[in-house]
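Everything on this sheet refers to the single structure shown next.
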Amino acid sequence: MRDLSALPKVHLHVHLESTIRPGTLKELAAVHGVQVPDRPAAFDGFRAFADRNSLTRSCLREAADFERIAREFCADEAAQGTRYVEVTFTAASHGERVGDLELPLESVLKGLSEGGKEHGLHWRLILDHSRRRSVDRAEKTLELATRHEEVIAIGMAGEEKHSLAPFREVLVRAREAGLHLVHHAGEDAGPESIREALGIGGAERIGHGIRILEDPELTARTAESGIALEVCPSSNVTLGLVPSLPEHPLPRLVEAGLKVTLNTDVPDVTGTTITDEFTRAREVFGYADEALAQLARNAVDASFAPEETKALLRKEVEGWLKSAAGV
Ligand SMILES: [Zn+2]
């Protein structure tokens, strides 16, 4: 068995606001006078999780706060062997909250740019929008995304019971502007949410998608198309969507021929790193190094990285497989 922290990784589904170091959160909360209780071990439903999220986000107020969490994120990801990340950030929501639409995004871009250089981490940004929020805010998200070339995609997140239909026009314009589309679906809602994300949502990847197996036809079609699923096992268990890790559908998704990638989603909620997710796949599902490397390769393929970056990353994964085992 090889050292999984050394496996070169591509991380496709992680929310920047959920990567704040506990010490940093404490400091920011104190500075801004916010009471943030310690992280609970589990959440009683999606709303409890969303409320916790709002509290964390309210600790981010000034340019320096956003820059800091982005820089620290780069250091922490690089330490886990992540080589390329497509990190998600809810830019317009923060912009509206702090009364300056551009400030949070520009500060995060600065932090990622500096941190990425310092730690050798390649990165791109995805701007997400909660489905239960207004079309007007989605328009602002699109506007922000088109102003910065480092933003490569837009994604619809939040409770999947809210339809994507009101956002159809915004998504069409996003695609016309050259942005990629990646939506959360099939996490708490059933396969119909995945059909919608792939249909009117135009999704090129599915965030989660773990409920796809309830629909064999959709499963076969998605496997055939090669559209990747951003699977986040620990997140699913902590948020109560799957009873336990051994019961997680990850192995069945792989066996169904789907392009499965491994991600953390909400590290501050799960307490896991991307290396932990690979370690759990090894320990719980008995995956050998070749199978783990295949999950890493899938993420390279499913990323929106330039072809030369993908070629480099594939070589690095092969290099890891050729390295001496012995952990
Ligand atoms: Zn997510």
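A compact table of results
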item	result
Options SER234, SER244; residue that is crowded, with 23+ Cβ neighbours inside 10 Å and over 24 Å from GLU318 (Cα atoms)	SER234
Condition met for PHE46 (open to solvent by 40 Å² or more (accessible area, probe 1.4 Å) and among the aromatic types (Phe, Trp, Tyr))	yes
Only one of LEU55, LEU25 that is more than 16 Å from the ligand (Cβ to nearest atom), open to solvent by less than 30 Å² (accessible area, probe 1.4 Å) and within 27 Å of GLY207 (Cα to Cα)	LEU25
Some residue of the stretch 77-97 being in contact with a helix residue (DSSP H, G or I) (Cβ under 7 Å, 6 or more places away or on another chain), free of Cβ contacts under 8 Å to residues at least 40 places away in the same chain, open to solvent by 40 Å² or more (accessible area, probe 1.4 Å) and under 23 Å from GLU150 (Cα atoms)	no
Residue in the stretch 187-218 that is nearest to the ligand (Cβ to nearest atom), counting only those that are out of contact with any strand residue (DSSP E or B) (no Cβ under 9 Å at 6 or more places or on another chain) and open to solvent by less than 10 Å² (accessible area, probe 1.4 Å)	GLY190
Matching residues, the stretch 219-236, being more than 18 Å from the chain's Cα centre (by Cα) and either within 14 Å of the ligand (Cβ to nearest atom) or in a loop (DSSP other than H, G, I, E, B) (or both)	GLY226
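The values are calculated or read from the model by the stated rules, or taken from the named source; none is laboratory data. Note that the coordinates shown come from a computational prediction; the quantities given were computed from them, not determined experimentally. Positions of Cβ are backbone-derived with ideal geometry, glycine not excepted, and every protein chain shown enters the neighbour counts. We work out accessible area using only protein heavy atoms, side chains counted, and drop any ligands, DNA or RNA first. Shrake-Rupley method; radii C 1.70, N 1.55, O 1.52, S 1.80 Å.
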